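K.L.:
Right, I'll just put the structure down here and ask away after.
The values are calculated or read from the model by the stated rules, or taken from the named source; none is laboratory data. All values reported here derive from a predicted model rather than from experimental measurement. In this analysis, Cβ positions are derived from the backbone assuming ideal geometry, glycine residues included, and neighbour counts consider all displayed protein chains. Just so you know, the surface numbers come from the protein's heavy atoms only, side chains and all, with ligands and any DNA or RNA stripped out. Shrake-Rupley method; radii C 1.70, N 1.55, O 1.52, S 1.80 Å.
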Amino acid sequence: MSARSEAARRPLIGITGRRFRLSLIEGSDERYGDRCIDTAMSDFATRIAEAGGLPVHLSYDTDPEAVCDWLTGVVVTGGQDMHPACWGGDTSVVRGVDPRTNPMVHDRERDDYEVAVVRAALDRGIPVLGVCRGLQVLNVALGGTLVADLPPGAISHLSAETAPTDGTVDHLVSFEPGSIVAGLFDGDVVTNSWHHQAVDRCGVGVVVTGRTADGVVEAIEVPGHPVLGVQWHPEWMKSSDPTLTWVVQEATRLLENRSHP
């Protein structure tokens with residue numbers, strides 16, 4: 001089999017990211033400071049490629065409906081908080097800061113784009129993995145709501161540790177028997193954690209399949225569909241994390257079904 005034929009059999013996995021001005025990068029040429037760059041953490045592409053997938057980065061300008069006619073998998077990555085207007089939350093606390101000049105604040109363009117990508121993927125039966133913010137996008141895309149700011153508690157969900165890390169022993173996630181995520185792990189698992197928003201009310205068809213001891217949602221699924229959201233960062237786990245391999249395997253299955261209807 002030719003290299004081209006072999007590549008054609010590998011699943012195409014779309015990875016979402018963020019957009020900000022080059023002026024934020026220390027040492028960048030000031031002549032181009034007002035130009036924007038699209039970016040995603042390279043760990044996602046690296047791990048997807050290692051699992052046998054073909055990773056592609058999705059720009060906000062890539063039409064969700066059109067690109068999902070080509071993709072066989074989608075990964076919605078972490079990043080800024082979702083804007084509360086996305087789920088009818090309290091918008092009075094939102095700062096009016098341009099996300100192009102501060103990539104940590106709300107980015108409505110990214111919110112709208114990722115919600116559209118999720119919906120287009122689900123309409124086509126394309127496997128979706130939501131990571132951290134991506135879990136929250138998945139829930140909101142299906143009509144759910146979020147806790148805008150988790151109150152302090154016994155378990156720290158906004159870790160001070162730097163990536164990559166497997167997290168601290170108190171951040172133990174328990175899974176629902178029979179769920180996708182329970183099948184990926186051998187029992188409870190300690191994970192990393194960098195979030196202060198969380199799932200509140202589940203969207204249509206969404207079920208919670210993983211929690212920490214304080215009740216915070218750590219995994220969601222849509223039973224009967226290849227859809228998984230995890231609140232931790234599998235791309236930054238030091239130990240083996242099977243969730244990125246899972247989306248590649250599900251995408252491969254979809255690709256094979258398309259080839260042999």
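K.L.:
Filter region 15-30 down to the residues that are modelled with pLDDT of 90 or more and not in a loop (DSSP other than H, G, I, E, B), then identify the one that is nearest to residue 76 (Cα to Cα).
P.N.:
Here is the first cut: in region 15-30, the residues modelled with pLDDT of 90 or more are 15-19.
Keeping just the survivors that are not in a loop (DSSP other than H, G, I, E, B) gives 15, 18-19.
Details: 15: 6, 18: 11, 19: 14 Å.
Per the criteria, the residue is 15.
K.L.:
Let me ask something else. Count, please, the residues in region 31-55 that happen to be surrounded by fewer than 16 Cβ atoms within 10 Å (Cβ to Cβ) and either under 26 Å from the mean Cα position of the chain (by Cα) or at pLDDT 80 or above (or both). Steps first, answer last, please.
P.N.:
Filtering region 31-55 down to residues surrounded by fewer than 16 Cβ atoms within 10 Å (Cβ to Cβ) leaves 31-39, 42, 46, 49-50, 52.
Then drop every residue that is not either under 26 Å from the mean Cα position of the chain (by Cα) or at pLDDT 80 or above (or both), which leaves 31, 34-39, 42, 46, 49-50, 52.
So the count comes out to 12.
K.L.:
Taking the condition open to solvent by less than 50 Å² (accessible area, probe 1.4 Å) and either touching a Phe, Trp or Tyr at 6+ places or on another chain (Cβ under 6 Å) or in a helix (DSSP H, G or I) (or both), does residue 67 pass? Let's see the steps before the verdict.
P.N.:
Details: open to solvent by less than 50 Å² (accessible area, probe 1.4 Å): yes; either touching a Phe, Trp or Tyr at 6+ places or on another chain (Cβ under 6 Å) or in a helix (DSSP H, G or I) (or both): yes.
Yes: the conditions hold for residue 67.
K.L.:
Among (1) open to solvent by 20 Å² or more (accessible area, probe 1.4 Å); (2) modelled with pLDDT of 95 or more, where does residue 95 come up short?
P.N.:
(2)
K.L.:
Another one. Look through 229, 183, 178 and report the one residue that is open to solvent by 60 Å² or more (accessible area, probe 1.4 Å) and not in a loop (DSSP other than H, G, I, E, B). Quick ask: steps written out before the conclusion?
P.N.:
Values: 229 fails: open to solvent by 60 Å² or more (accessible area, probe 1.4 Å); 178 fails: not in a loop (DSSP other than H, G, I, E, B).
That would be 183, the only listed residue that is open to solvent by 60 Å² or more (accessible area, probe 1.4 Å) and not in a loop (DSSP other than H, G, I, E, B).
K.L.:
What are the residues in region 1-14 that are at pLDDT 75 or above and either open to solvent by less than 50 Å² (accessible area, probe 1.4 Å) or not in a loop (DSSP other than H, G, I, E, B) (or both), if any?
P.N.:
Listed by number, the residues that qualify are 11, 12, 13, 14.
K.L.:
Hey, among 235, 250, which residue is farther than 26 Å from residue 90 by Cβ, modelled with pLDDT of 95 or more, in contact with a Phe, Trp or Tyr (Cβ under 7 Å, 6 or more places away or on another chain) and in a helix (DSSP H, G or I)? Spell out how you get there, then give the answer.
P.N.:
Working: 250 fails: in contact with a Phe, Trp or Tyr (Cβ under 7 Å, 6 or more places away or on another chain).
Matching residue, one of 235, 250: 235.
K.L.:
If only one of 246, 236, 194 is open to solvent by less than 30 Å² (accessible area, probe 1.4 Å) and touching a residue at least 60 places away in the same chain (Cβ under 8 Å), which one is it?
P.N.:
Working: 236 fails: open to solvent by less than 30 Å² (accessible area, probe 1.4 Å); 194 fails: open to solvent by less than 30 Å² (accessible area, probe 1.4 Å).
The conditions single out 246.
K.L.:
Moving on to the next point. Open to solvent by less than 50 Å² (accessible area, probe 1.4 Å) and within 15 Å of the chain's Cα centre (by Cα) - does that describe any residue in region 157-169?
P.N.:
no
K.L.:
Ok, one more. Taking region 203-226, which residues are open to solvent by less than 40 Å² (accessible area, probe 1.4 Å) and not small (Gly, Ala, Ser)? Please lay out each step first, then the result.
P.N.:
Let us first name the residues in region 203-226 that are open to solvent by less than 40 Å² (accessible area, probe 1.4 Å), namely 203, 206, 208-210, 212, 215-222, 226.
Answer for region 203-226, where residues must be open to solvent by less than 40 Å² (accessible area, probe 1.4 Å) and not small (Gly, Ala, Ser): 206, 208, 209, 212, 216, 217, 218, 220, 221, 222, 226.
K.L.:
When residues of region 118-156 are filtered for being open to solvent by 10 Å² or more (accessible area, probe 1.4 Å), in a loop (DSSP other than H, G, I, E, B) and on the phi < 0 side of the Ramachandran plot, how many remain?
P.N.:
12
K.L.:
Name the one entry in 52, 96 that is farther than 30 Å from residue 143 by Cβ and assigned to a loop (DSSP other than H, G, I, E, B). Can you show your working first?
P.N.:
Numbers: 96 fails: farther than 30 Å from residue 143 by Cβ.
The match here is 52.
K.L.:
While we're looking at this one, here's another question. Among what's in region 62-117 and is under 16 Å from the mean Cα position of the chain (by Cα) and hydroxyl-bearing (Ser, Thr, Tyr), pick the residue that is farthest from residue 255 (Cα to Cα).
P.N.:
113
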